[in-house]
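Just below is one structure, and these are the notes that go with it.
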Amino acid sequence: MKVLGYNISTVYPCIPSDKKIIINTINPHSFCVAKTDKNFQKALLNSDILIPDGIGIVWATKVLANKKIEKIAGYDIFLHLLKQINSTCGSCFFLGASEKTLALISNRISREFPNVSVLTYSPPYKATFSEEDSKHMYEAVNQVKPDVLFVGMTAPKQEKWVYHYQEYLDAKVICSIGAVFDFYAGTVKRPSKFWINMGLEWLPRFLKEPRRLAERNLISTPKFILEVLKTKAKARKS
C-alpha cells in the first residue's frame, strides 16, 4: 500500500497501466470505524494508494512519524483523475447515487471535461447488496471497461464492496470517493476555500448536519486523538 500526502501530482504517474489500482481515502472517523469493522480494515490496508483525506491524519503523521504531509481530499483526487482522463480522451464510470445526481454529474463533466466519456449506474438503495445486485453492478462496469471507476456509496460500504468484488471489476483505476458525487453534482454544497485552507472543512458540514455527523466529529475525533497520543507515549517508553 502506498500512502500519499505530499503532492497530488504524484498520484497518477505512479499508477502503472498494466495493473489494476485501488485508491481509497482515510480520515480519523474511518480509522476508528476500521478498528471494529475488520472487513473495512482489510479494505483500507489492501488499498494500492491510501490518501489522507483529513487534517487529523496529517497531524497524526507529524506526531508519530515526524513527517509533514498535505491533506488530499477525495474531491482533489477526483478532479485530478478527471483532468488526466480528459487529456487522454479516456472514459470514467460512476457507480452509486441516484439517477438525478448521476445526470447532474454527467452534464457538468460534458461542459468541464469534454473529452471524457462518462457512463453511470445507480444501484438499488440498500444497506447490503445481494449477489444478484452486485452482479448487475460489476457487469454494467465491465461493459465499458473504463479507465477510472468512481464509486460513491458512502463509507465503509463502498470500500468493502470494492474489496470484495475487485477481481470481477474490469477498470484500470477504482476510486471510492463517497460524498464527492453530491459535491460535484451540486446537490450538497462543499465548504468554501476559506474553511478548506484552514483545515476546518468538517466544521460547516457538522453545523449543517449535526445529528448525522455527531459520531464522526464528537466521538471518533476524540478517540482518534487519544489513540495517537497513547501510541506516541508508548513509543517514548520503548
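The values are calculated or read from the model by the stated rules, or taken from the named source; none is laboratory data. A quick note: this is a predicted structure, and the numbers were derived from the prediction, not measured. Methodologically, a virtual Cβ is constructed for each residue, glycine included, from the backbone with ideal geometry; neighbour enumeration extends over all protein chains shown.
A compact table of results
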{"item": "Matching residues in region 80-112 - criterion: being surrounded by fewer than 14 Cβ atoms within 10 Å (Cβ to Cβ) and among the β-branched types (V, I, T)", "result": "T88"}
{"item": "Selection count where residues are more than 23 Å from T61 (Cβ to Cβ) and surrounded by 13 or more Cβ atoms within 10 Å (Cβ to Cβ), scope region 207-230", "result": "2"}
{"item": "Residues located in region 143-169, provided they are exposed (fewer than 15 other Cβ atoms within 10 Å of the Cβ) and either in contact with a Cys (Cβ under 7 Å, 6 or more places away or on another chain) or not aromatic (F, W, Y) (or both)", "result": "Q143, K145, T154, H164, E167"}
{"item": "Within region 33-146, strands (runs of 3 or more DSSP E) holding 3 or more residues that are among the aliphatic types (A, V, I, L, M) and touching a residue at least 12 places away in the same chain (Cβ under 8 Å)", "result": "49-52"}
{"item": "Filtered residue count, region 184-206, keeping only those that are assigned to a loop (DSSP other than H, G, I, E, B), surrounded by 14 or more Cβ atoms within 10 Å (Cβ to Cβ) and modelled with pLDDT of 80 or more", "result": "4"}
